1. Pairs please, first residue from segment 125-139 and closer than 15 Å to residue 321 by Cα, second anywhere and among the β-branched types (Val, Ile, Thr), Cβ atoms under 6 Å, 6+ apart in sequence or on different chains.
2. Return the only residue of 135, 144, 160 being within 16 Å of residue 243 (Cβ to Cβ) and either hydroxyl-bearing (Ser, Thr, Tyr) or more than 26 Å from the chain's Cα centre (by Cα) (or both).
3. Right, residue 377: free of Cβ contacts under 8 Å to residues at least 24 places away in the same chain, farther than 30 Å from residue 329 by Cα and not small (Gly, Ala, Ser) or not?
4. Mind listing whichever residues of segment 212-225 are of a type in the set (A, V, I, L, M, F, W, C) and more than 10 Å from the ligand (Cβ to nearest atom)?
5. May I ask you to list the residues in segment 109-119 that are surrounded by fewer than 20 Cβ atoms within 10 Å (Cβ to Cβ) and farther than 12 Å from residue 301 by Cβ?
6. Restrict the check to segment 177-184 and report whether at least one residue is under 21 Å from residue 290 (Cα atoms), within 16 Å of the ligand (Cβ to nearest atom) and of a type outside the set (S, T, N, Q).
7. Could you grab me the full set of residues in segment 369-386 that are of a type in the set (D, E, K, R) and within 24 Å of residue 220 (Cβ to Cβ)?
8. Looking at segment 238-288 only, could you name the residues that are away from the ligand (no atom under 14 Å from the Cβ) and either of a type in the set (S, T, N, Q) or out of contact with any strand residue (DSSP E or B) (no Cβ under 9 Å at 6 or more places or on another chain) (or both)?
Amino acid sequence: MSEQKSKEKKPSYTEFTLDMFSRSSGKNHAEIKQFNQWREDVISADKYTFETPHLTPQTPEIVVRRIHGDEHRLFNFSSYNYLGYANHPEVINAAKDALDKFGLGATGSPLLNGTFDIHKQLEHALTEFFGQEGYGISLFSSGYGANIGVVSSYIHKGDYVVLDHSSHASLIDGAVMSQGTLKLFRHNDAEFLERILKRIAKDNRRILVCVEGVYSTDGDYGNLKDIVTVTKKYGASILVDEAHSLLVAGASGQGAVEKFDVLGDVDLLIGTFSKSFGGVGGCLYAKQELINYMNYYARSRMFSCALDPAVTGGILKALELATGPDGYAKRKRIVENADHLRSLLINKVDIGTSQSWVIPIIFGDERKSIPLADYLMRKGYDFSIMMFPAVKKNKSIIRAFVTSEHTKEQLEGCAEALIDASKEYDFAL
Ligand SMILES: Cc1ncc(COP(=O)(O)O)c(C=O)c1O
């Protein structure tokens, strides 16, 4: 009876909260039932916006079909297609050529039978792109796989992985898999990092400090200069994850390491192909002897199928375009677009420390997440909503991803929709 009553109650904007850490050790798997009940409640209230199938490519305007079958034409601010290469005609044609030549899948681990000539071409092109003598590239089938494979084979039991507090899940998971000791430092705080390094350096173990070029939730740059200096002072190694910055940051697109002139000091650089390249996959750039080792020891590479040839062909073309005039023009445009959107939002909503094409709008209370995502979609906008555990408790965000392809009008409409939402959902400044 009481269950019936709560179902009939009109939902307020703070309903549909799910405790993602709810776990049960019982044989009846209570958490699975609880999750499915939550999902059903959200669907029956017609507020479900997860895994909404796209009927079009990841362009600034998209069409999606919601779970009850209604189609929505939306302005797209939730894709990592930063430079528009996911649907660029030359990229598509290059992928088609590779598909015709090599077939659909690699059908094998890269170390055994899954390496094709096109993978070697990509390794070579990326190595040339960074341009340091004696360095090389190891390809992975995802950015997530690159991080877990690299961190867990570089660090062993008794060693240390020191992560920025805003680190992506793949770095945390890699650290956990490594069985090393995990330490966290306050976001971008080099002094905090130094206090940790000073303490653990006494143990005389291997230490890996991991940071990001552009942070995927805060949208600010990694404090690379100071962090690299401190890391080197204590004889530790540094990994920079350039998932959100490769091809976009730096004059020639080498990432935040180029912008802050620290490429030569970085021991391990991680890239993903799922963002500015518009494809899927990941890579490690490091000294060739380390690359040779990783190719054998990173388990996510060794025990997983190689990148598919068609995507590899598309990534190669995206790299070629991004290193030519097309890339320079797009990098200029994406910065102008992001600055424009930020200027429209600043002092109206809380955009935290954003400096890049990732703009978080902090709305706080995670209980608003489900209705807010639904509200924004019905207003004609697709954003990425993040809540705990992806961000801190009561620091839930709407993430807007700006691309070089958005028009001024689309950015202005986006700002208006977000400001309207902030009034409706009580997070206006
Ligand atoms: C900082 C960071 N690293 C790694 C990844 C994983 O990349 P992928 O989606 O290519 O597996 C992501 C994904 O969003 C990310 O934001």
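1. Short answer, once both residue conditions are applied: 126/137.
2. On the way: 135 fails: within 16 Å of residue 243 (Cβ to Cβ); 160 fails: within 16 Å of residue 243 (Cβ to Cβ).
Of 135, 144, 160, the one residue that is within 16 Å of residue 243 (Cβ to Cβ) and either hydroxyl-bearing (Ser, Thr, Tyr) or more than 26 Å from the chain's Cα centre (by Cα) (or both) is 144.
3. Values: free of Cβ contacts under 8 Å to residues at least 24 places away in the same chain: no; farther than 30 Å from residue 329 by Cα: yes; not small (Gly, Ala, Ser): yes.
Criteria not met by residue 377.
4. The initial filter retains those residues of segment 212-225 that are of a type in the set (A, V, I, L, M, F, W, C), namely 214, 224.
Selection gives 224 alone.
5. Matches in segment 109-119: 113, 117.
6. Scanning segment 177-184, I find at least one residue that is under 21 Å from residue 290 (Cα atoms), within 16 Å of the ligand (Cβ to nearest atom) and of a type outside the set (S, T, N, Q), so the answer is yes.
7. Here is the first cut: in segment 369-386, the ones of a type in the set (D, E, K, R) are 374, 378-379, 382.
Within segment 369-386, just 382 meets the criteria.
8. Result: 250, 251, 252, 253, 254, 258, 261, 264, 288.
The values are calculated or read from the model by the stated rules, or taken from the named source; none is laboratory data. Bear in mind the structure is a predicted one, so any value in this text is a computation, not a measurement. All Cβ positions, glycine included, derive from the backbone under ideal geometry; neighbour counts span all protein chains shown.
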